[in-house]
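Peer 1: I am attaching a structure below and will ask some questions about it afterwards.
Bear in mind that the values in this text are calculations on the coordinates, not laboratory data. No experiment lies behind these values; they were computed from the predicted model shown. Because the Cβ atoms are built from the backbone with ideal geometry, glycine has one as well, and the counts that use them run over all protein chains shown.
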Amino acid sequence: MEKQAEIKKLTIDLYRYGYKAQRTPKDGLYDLIKKLPKNLVMAEIGYWAGESAEIFLKSGKVNKFYAIDQYGTAPYFSVAEKLFDLRTQGYDVVKIRGNTSTVKLPDLDFVYIDDDHSLKAVSRDINWALARNHKFIGGHDYGEGYQNTVILAVDKLLGIPKTFKDKNWLVKL
Ligand SMILES: C[S@@+](CC[C@H](N)C(=O)[O-])C[C@H]1O[C@@H](n2cnc3c(N)ncnc32)[C@H](O)[C@@H]1O
């Protein structure tokens with residue numbers, strides 16, 4: 001099947017499971033990427049079906065992309081992963097199944113955090129990023145509904161970030 005047709009089919013499959021392949025608007029992500037330099041080695045924590053990964057990779061600013069997700073055993077995760085694989089085909093992508101309590105990576109230029117949005121998980125992700133990255137940390141869901149989780153963790157560990165549409169955030173270290 002042609003790639004776009006397969007993406008369309010898998011997207012419909014995800015809808016059948018009650019999931020959207022694109023969970024949120026992405027305008028703010030394009031604005032965030034404009035603030036980043038070129039030749040990035042980056043990690044995304046929480047890649048789901050690869051919507052944001054594709055935007056990062058198509059920007060032309062990413063040389064190497066580490067994709068971290070713990071997924072789960074429900075059948076829709078394999079649909080999401082097929083979508084991720086199709087969307088990121090042809091790029092230098094390393095997929096890692098797990099979370100930041102176990103994953104070890106070399107130095108990075110940028111970490112984008114969009115996985116478990118609890119205070120504990122976001123704090124752990126930020127500390128993981130700080131241990132191997134002295135350039136940029138960003139993520140999603142810095143906004144309404146996340147005052148006691150994402151906002152609290154980011155403000156406490158990194159200071160007030162630059163924010164973008166769709167609850168995206170970025171800190172230059
Ligand atoms: C909101 S989705 C990511 C969406 C994606 N960044 C995008 O914009 O296209 C969250 C993802 O985080 C993953 N996840 C949840 N908790 C996690 C954790 N503690 N560690 C790693 N991945 C996790 C889920 O499996 C899911 O795929």
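Peer 1: Explain nothing, just compute: Karplus ³J(HN,Hα) = 6.51 cos²θ - 1.76 cosθ + 1.60, θ = phi - 60°, for every residue of the stretch 10-18 in order, whole Hz, x for Gly and Pro.
Peer 2: 5, 4, 5, 4, 5, 4, 4, 7, x
Peer 1: If you line up the Cα atoms of the stretch 72-151 on their principal axes, what length do they span on each, largest first, in Å?
Peer 2: Principal-axis extents of the stretch 72-151 (Cα, largest first): 33, 30, 22 Å.
Peer 1: If you don't mind, there's one more thing I want to ask. Go ahead and run the numbers for FRET between Asp85 and Lys165, Cβ-Cβ distance against an R0 of 30 Å, rounding to 0.05.
Peer 2: Details: r = 28 Å, r/R0 = 0.94.
Working from the Cβ atoms, E equals 0.60.
Peer 1: Now, a different point. Could you grab the relative contact order for the chain? Cα pairs under 8 Å, six or more apart, rounded to a whole percent. Could the numbers behind the result be given before it?
Peer 2: Details: 299 pairs, mean separation 38.8, N = 173.
Result for the chain is 22 percent.
Peer 1: Further question on the same structure: For the stretch 92-173, give the magnitude of the charge dipole about the Cα centre (Cβ charges: +1 Lys/Arg, -1 Asp/Glu; no others), in debye to the nearest 20.
Peer 2: Working: 12 positive and 11 negative charges, 42 e Å.
Value, rounded to 20: 200 debye.
Peer 1: From the residues Ile96, Leu29, Leu40, which one has its Cα farthest along the dipole of the stretch 7-115 in the positive direction, the dipole being from +1 and -1 charges on Cβ of Lys/Arg and Asp/Glu about the Cα centre?
Peer 2: Among Ile96, Leu29, Leu40, the one farthest towards the positive end of the dipole of the stretch 7-115 is Leu29.
Peer 1: For the stretch 23-160, what is the charge dipole size about the Cα centre, in debye to the nearest 20, if Lys and Arg each add +1 at the Cβ and Asp and Glu each add -1 at the Cβ? Mind showing how you got there, number by number?
Peer 2: On the way: 18 positive and 18 negative charges, 77 e Å.
About 360 debye.
Peer 1: Counting helices only, and only those DSSP H runs with n ≥ 4, report the 222 nm mean residue ellipticity of the chain as the sum of -39,500 (n - 2.57) divided by its residues, in deg cm²/dmol to the nearest 500.
Peer 2: On the way: 6 runs with 61 residues, N = 173.
Taken over the chain, the calculation gives -10500 deg cm²/dmol.
Peer 1: Could you pull out every residue, at least 5 positions away or on a different chain, whose amide H is within less than 5 Å of the one on Tyr66? Hs are placed 1.01 Å off N in the peptide plane, and Pro or chain starts have none.
Peer 2: Met42, Ala43, Glu44, Val94
Peer 1: Here is a further query. Set Lys and Arg Cβ to +1 and Asp and Glu Cβ to -1, take the dipole of the stretch 97-173 about its Cα centre, and tell me which of Leu105, Val171, Ile137 lies farthest positive.
Peer 2: Leu105
Peer 1: While we're on this one: Under the Kirkwood approximation applied to all pairs of distinct alpha-carbon atoms, what is the hydrodynamic radius of the chain in Å?
Peer 2: Details: mean 1/r = 0.0614 Å⁻¹.
Computed over the chain, the radius equals 16.3 Å.
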